[in-house]
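Engineer: Starting off with a structure, shown below.
The values are calculated or read from the model by the stated rules, or taken from the named source; none is laboratory data. Quick caveat, the model's predicted, so the values are computed rather than measured. Cβ sites come from the backbone with ideal geometry, for glycine too, and all protein chains shown count toward neighbours. Each accessible area value is taken on the protein alone, full model and side chains, heavy atoms only, with ligands, DNA and RNA left out. Shrake-Rupley method; radii C 1.70, N 1.55, O 1.52, S 1.80 Å.
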Amino acid sequence: MRTPIAFYLMLSGILFMLGTVGVLTRKNALLIFMSVELQLNAVNLALVAFSRLHDDLTGQVLAFFSMVVAAAEVVVGLAIIVAIYRRRRSVDVDDVRELRW
Amino acid sequence: MVSQPNAALWVIPALPLATAVVNLFWGRRLGRWAGWVASASVIVSFAVSLAVVSQLVAKPADDRLFLQHLFDWISVGRFVVGMDLRVDSVSATMILVITGIGALIHVYAIGYMAGDPRYGRFFSYMNLFVFFMLMLVLGANYLVLYLGWEGVGLCSYLLIGFWSEVPANAEAAKKAFITTRIGDTLMLIGLALIVSRFGTLDFEVVFGTAGTVLTKDAATAIALLLFAGAIGKSAQVPLHVWLPDAMAGPTPVSALIHAATMVTAGVYLVVRSHVLFELSGVALTVVLVVGVVTAVYAATCAIAQQDIKRVLAYSTISQLGFMFMAAGMRAYGVAMFFLVAHAFYKALLFLGAGSVIHGMHDEQDLRQMGGLRRLMPITFVAFAVGALAQAGIPPLVGFFAKDAVLEVAQHTGREVVYVLGGFAAFLSAFYLGRMVYLTFFGEPRSDRARQAHEAPPVMWAPLVILAFGVATAEWLNLTPEGRLTGFLESITGVSPAGHGLAVVELAVVATTISIVALALTWWIYGSGRVDWRGFRERLEPWPRAALNGWYVDRAYDTVVIQPAKAGAWITAYVVDARIIDGAVNAIGGGVKLLADGGRLLQTGFVRSYALAVFLGAVAILVYVGVRS
């Protein structure tokens with residue numbers, strides 16, 4: 001018996017909300033980053049679930065793409081965070097606010 | 001006519017071009033040799049021209065044509081313009097004049113320009129001029145002619161302003177270039193008309209089919225546009241104002257470009273295109289009127305000039321008027337004969353004047369001269385030969401040339417032209433006599449005149465050769481049917497004949513006019529019995545007006561230049577600065593205001609951006625959900 005699709009979607013939604021709250025409330029750049037990854041994986045889960053439901057591999061392929069993009073994003077993002085840390089010995093995103101008028 | 005290929009034609013213009021390049025890049029290293037290199041190339045070019053022309057003369061009269069196709073210059077669809085050279089009797093005459101007299105002037109310039117810091121550059125420009133002038137007369141279609149036409153204009157500009165350290169010289173160069181530009185532009189429109197009617201610019205096709213292709217009105221339009229170019233280049237009224245100022249250039253330049261060759265390009269153009277002018281008829285009348293007006297007008301100006309070169313400049317304008325007079329009466333052969341004769345004696349007069357200026361240490365004012373015949377005997381004799389030739393004393397060449405023009409006028413029943421032409425001839429003998437007596441006779445009127453010295457041999461040798469040429473040039477046309485005009489007939493047609501006073505009577509009248517004028521000048525300026533300065537003052541304001549060319553320049557300044565400047569001021573400081581810049585600045589300012597407002601949205605907090613992204617995503621989802 002297959003697990004109903006609704007369970008997967010609920011899990012995906014919960015993970016996504018956790019990620020969103022993490023992004024919006026945390027001040028530490030690394031934690032925000034991890035939260036973003038959580039959001040991405042929530043979406044991947046939904047994609048794979050739908051893929052299985054419809055017996056269509058497109059969803060899985062899309063999930064792979066999203067992982068590759070996420071990996072690339074991690075490389076760039078972590079590099080930025082490391083650079084910021086080296087400069088100011090802190091990764092608090094509220095301190096980094098020069099880019100405004 | 002069957003065209004004959006001749007592989008040697010390209011050599012004639014190529015030689016001066018090659019040495020122009022050599023002198024441009026290595027002129028400084030060549031030092032004093034630059035002048036000899038330049039002269040040698042023109043002399044060799046003259047020799048080649050002689051060889052080509054002697055081949056041409058050896059052929060039967062109706063078969064005298066050499067063509068050479070160098071390469072396709074422009075090829076667009078069916079419109080093809082070749083770099084084609086052509087020698088027929090008219091261009092043969094022209095290339096001999098250009099290279100022959102040009103060579104003498106080059107040699108003369110070796111002495112005249114000695115010690116100039118840009119000696120090599122000068123000869124480079126001179127050679128380049130000879131190249132373009134040869135292209136002008138050798139071209140077998142209007143585009144090659146136009147290439148030469150613009151090229152000689154460029155060289156004229158470069159050489160008038162050669163001593164550009166003096167702002168007045170640079171001004172004169174600009175004036176010459178811009179004034180002739182007016183005519184050139186109209187001429188270019190004429191060429192465009194020819195292309196639109198004939199689909200080609202080739203002389204052979206255009207003149208061969210003009211009778212069937214062109215309506216009378218189209219022929220008039222084309223002929224008048226071409227003549228506008230000729231007016232500019234040959235300094236005819238109303239575009240004559242540049243030539244007197246062009247005397248700012250070194251004297252060999254004045255002799256070569258502004259007397260012997262370039263300014264006659266307009267006459268060449270009219271003679272070359274005479275088929276179109278005859279189709280129109282009206283255009284010929286215009287040519288005649290412009291010629292007569294110019295001949296008389298410029299002669300009156302020449303009388304009052306104080307600068308020896310400006311006398312000659314106005315004299316050149318007047319003589320060019322005579323050539324157009326002849327062309328306007330369909331006597332194209334006579335016009336060409338006049339052109340050749342004028343090239344001889346006007347080059348001689350200019351070189352003589354240059355020798356005087358050189359000997360007087362750059363003094364050009366007639367009032368400062370006097371008594372130079374004892375100090376500069378060779379220059380004096382040569383100059384006198386030139387002056388007598390132009391004044392029309394038989395048996396010198398100028399007499400035959402001018403007499404031929406007046407004879408055509410009288411014999412074709414144009415009494416007004418005959419009388420005005422005779423009057424202009426009287427004036428020309430008068431200003432020449434005045435110039436000769438003021439320069440060479442009487443007592444020296446300044447220290448410079450007392451310390452003047454004869455020119456070096458490299459300068460007086462060309463003078464002597466030219467004087468000899470002037471003295472013998474009447475041989476060119478001395479036979480009853482006219483040796484030169486007969487040679488030209490295959491292209492120009494026979495000069496119109498008619499009935500009127502006998503040739504001998506006309507000759508007596510013309511000679512009398514010249515002798516009376518010379519005697520009158522001797523009495524006023526030579527005999528010492530008349531106080532000519534006081535005489536001049538009593539005649540004021542007429543001499544002053546004539547000195548200033550009857551204020552044509554001032555009229556142009558008021559009517560054309562000042563309004564143009566005012567218009568330019570308005571476009572620059574009102575239209576451009578206020579309206580155009582205003583619109584651009586307003587757009588920029590508006591965007592800036594918008595951006596100033598927009599950047600207040602930026603907080604710099606990463607998390608507020610994240611929240612905005614999140615809310616945006618929610619909003620889109622809600623919108624999509626509500627819609628479906």
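Engineer: Consider A:Ser90 against the criteria (1) away from chain B (no Cβ under 14 Å); (2) in a loop (DSSP other than H, G, I, E, B): it satisfies all of them except one. Which criterion is unmet?
Structural biologist: Every condition holds for A:Ser90 apart from (1).
So that you can scan it fast, the table gives a plain yes or no per residue for (1) within 30 Å of B:Ala595 (Cα to Cα); (2) in a loop (DSSP other than H, G, I, E, B):
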site	(1), (2)
A:Ile14	no, no
A:Ser35	no, no
A:Gln39	no, no
A:Gly59	no, no
A:Ala63	no, no
A:Ile80	yes, no
A:Arg86	no, no
A:Val96	yes, yes
A:Arg100	yes, yes
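Engineer: Residues B:Gly77, B:Gly151, B:Gly161, B:Gly115: which one is open to solvent by less than 10 Å² (accessible area, probe 1.4 Å) and not basic (Lys, Arg)?
Structural biologist: On the way: B:Gly77 fails: open to solvent by less than 10 Å² (accessible area, probe 1.4 Å); B:Gly161 fails: open to solvent by less than 10 Å² (accessible area, probe 1.4 Å); B:Gly115 fails: open to solvent by less than 10 Å² (accessible area, probe 1.4 Å).
It is B:Gly151.
Engineer: Now a separate question. Regarding the range B:440-456, can at least one residue be identified that is modelled with pLDDT under 90, assigned to a helix (DSSP H, G or I) and buried (at least 17 other Cβ atoms within 10 Å of the Cβ)?
Structural biologist: Yes: the range B:440-456 contains one or more residues that are modelled with pLDDT under 90, assigned to a helix (DSSP H, G or I) and buried (at least 17 other Cβ atoms within 10 Å of the Cβ).
Engineer: Sticking with this structure for a sec: Looking at the range A:59-71, is at least one residue surrounded by 11 or more Cβ atoms within 10 Å (Cβ to Cβ), of a type outside the set (D, E, K, R), farther than 26 Å from B:Leu611 by Cα and modelled with pLDDT under 90?
Structural biologist: no
Engineer: Go through the range B:497-519 residue by residue and tally those that are modelled with pLDDT of 80 or more and either within 13 Å of B:Gly333 (Cα to Cα) or of a type in the set (Gly, Ala, Ser) (or both).
Structural biologist: Here the count works out to 5.
Engineer: Of B:Ala47, B:Ala40, which residue is without any contact (Cβ under 8 Å) to a residue 60 or more places away in the chain, over 17 Å from B:Gly139 (Cα atoms) and open to solvent by less than 50 Å² (accessible area, probe 1.4 Å)? So that I can check it myself, show each step before the final result.
Structural biologist: On the way: B:Ala47 fails: open to solvent by less than 50 Å² (accessible area, probe 1.4 Å).
One residue alone meets the criteria, B:Ala40.
Engineer: Another one. So B:Ser514 passes all but one of these: (1) assigned to a loop (DSSP other than H, G, I, E, B); (2) within 29 Å of the chain's Cα centre (by Cα). Which condition number does it fail?
Structural biologist: Exception for B:Ser514: condition (1).
Every residue, every condition in (1) open to solvent by less than 10 Å² (accessible area, probe 1.4 Å); (2) closer than 18 Å to B:Val237 by Cβ; (3) in contact with a helix residue (DSSP H, G or I) (Cβ under 8 Å, 6 or more places away or on another chain), yes or no:
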| site | (1), (2), (3) |
| --- | --- |
| B:Lys309 | yes, no, yes |
| B:Met325 | yes, yes, yes |
| B:Ala343 | yes, no, yes |
| B:Glu363 | no, no, yes |
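Engineer: Which ones in the range B:121-134 are open to solvent by less than 10 Å² (accessible area, probe 1.4 Å) and not aromatic (Phe, Trp, Tyr)?
Structural biologist: We begin by selecting, within the range B:121-134, every residue open to solvent by less than 10 Å² (accessible area, probe 1.4 Å); these are B:122-124, B:126-127, B:129-130, B:133-134.
B:Ser124, B:Met126, B:Asn127, B:Val130, B:Met133, B:Leu134, listed by residue number.
Engineer: In the range A:83-93, how many are open to solvent by 70 Å² or more (accessible area, probe 1.4 Å) and at pLDDT 90 or above?
Structural biologist: As a first pass, look at the range A:83-93 and keep what is open to solvent by 70 Å² or more (accessible area, probe 1.4 Å): A:85-89.
The next check asks that each one be at pLDDT 90 or above; those that pass are A:85-86.
Number satisfying all stated conditions: 2.
Engineer: Taking the range B:412-453, which residues are farther than 30 Å from B:Val494 by Cα and touching a Pro at 6+ places or on another chain (Cβ under 7 Å)?
Structural biologist: B:Arg450
Engineer: What are the residues in the range B:176-235 that are open to solvent by less than 20 Å² (accessible area, probe 1.4 Å), small (Gly, Ala, Ser) and touching a strand residue (DSSP E or B) at 6+ places or on another chain (Cβ under 7 Å), if any?
Structural biologist: Passing the criteria: none in range.
Engineer: Here is a follow-up. Having 3 or more residues that are under 13 Å from the mean Cα position of the chain (by Cα) is the bar; report the helices (runs of 4 or more DSSP H) wholly within the range B:207-322 that clear it.
Structural biologist: Fully inside the range B:207-322 and qualifying: B:216-233, B:242-245, B:251-255, B:265-272.
Engineer: Among the numbered criteria (1) more than 29 Å from the chain's Cα centre (by Cα); (2) among the β-branched types (Val, Ile, Thr); (3) at pLDDT 90 or above, which single criterion is violated by B:Thr558?
Structural biologist: For B:Thr558, the exception is condition (1).
Engineer: Residue by residue through the range A:47-87, note down the ones that are within 14 Å of chain B (Cβ to nearest Cβ) and in contact with a Leu (Cβ under 8 Å, 6 or more places away or on another chain).
Structural biologist: The answer is A:Ile81, and nothing else.
Engineer: Sort through B:Gly590, B:Gly616 and tell me the only one that's in a helix (DSSP H, G or I), within 14 Å of chain A (Cβ to nearest Cβ) and open to solvent by less than 50 Å² (accessible area, probe 1.4 Å).
Structural biologist: Details: B:Gly590 fails: within 14 Å of chain A (Cβ to nearest Cβ).
The match here is B:Gly616.
Engineer: Can you confirm whether B:Leu191 is more than 15 Å from the chain's Cα centre (by Cα), without any contact (Cβ under 8 Å) to a residue 60 or more places away in the chain and closer than 25 Å to B:Trp10 by Cα?
Structural biologist: For B:Leu191, the condition - more than 15 Å from the chain's Cα centre (by Cα), without any contact (Cβ under 8 Å) to a residue 60 or more places away in the chain and closer than 25 Å to B:Trp10 by Cα - is met.
Engineer: Another question about this same structure. Return only the number of the condition from (1) away from chain A (no Cβ under 14 Å); (2) open to solvent by less than 80 Å² (accessible area, probe 1.4 Å); (3) of a type in the set (Phe, Trp, Tyr) that B:Phe605 does not satisfy.
Structural biologist: It fails just one condition, (1).
Engineer: Another question about this same structure. Name the pairs: first residue in the range A:16-37 and within 11 Å of chain B (Cβ to nearest Cβ) and open to solvent by 50 Å² or more (accessible area, probe 1.4 Å), second residue in a helix (DSSP H, G or I) and of a type in the set (S, T, N, Q), Cβ to Cβ under 8 Å, at least 6 apart or on different chains?
Structural biologist: A:Phe16/A:Gln39; A:Val21/A:Ser35; A:Arg26/A:Ser35
Engineer: So B:Leu611 clears everything in (1) more than 9 Å from every other protein chain (Cβ to nearest Cβ); (2) under 25 Å from A:Leu18 (Cα atoms) except one condition, right? Which one?
Structural biologist: That leaves (1) as the condition not met.
Engineer: Would you be able to say whether some residue in the range B:140-148 is open to solvent by less than 10 Å² (accessible area, probe 1.4 Å), β-branched (Val, Ile, Thr) and either over 15 Å from the mean Cα position of the chain (by Cα) or assigned by TED's automatic domain parsing to the domain that holds B:Phe46 (or both)?
Structural biologist: Yes, the range B:140-148 has at least one match.
Engineer: Name the residue, out of B:Val21, B:Val53, B:Val42, B:Val81, that is hydrophobic (A, V, I, L, M, F, W, C), assigned by TED's automatic domain parsing to the domain that holds B:Ala114 and part of a strand (DSSP E or B).
Structural biologist: Selected residue: B:Val81, the only one of B:Val21, B:Val53, B:Val42, B:Val81 that is hydrophobic (A, V, I, L, M, F, W, C), assigned by TED's automatic domain parsing to the domain that holds B:Ala114 and part of a strand (DSSP E or B).
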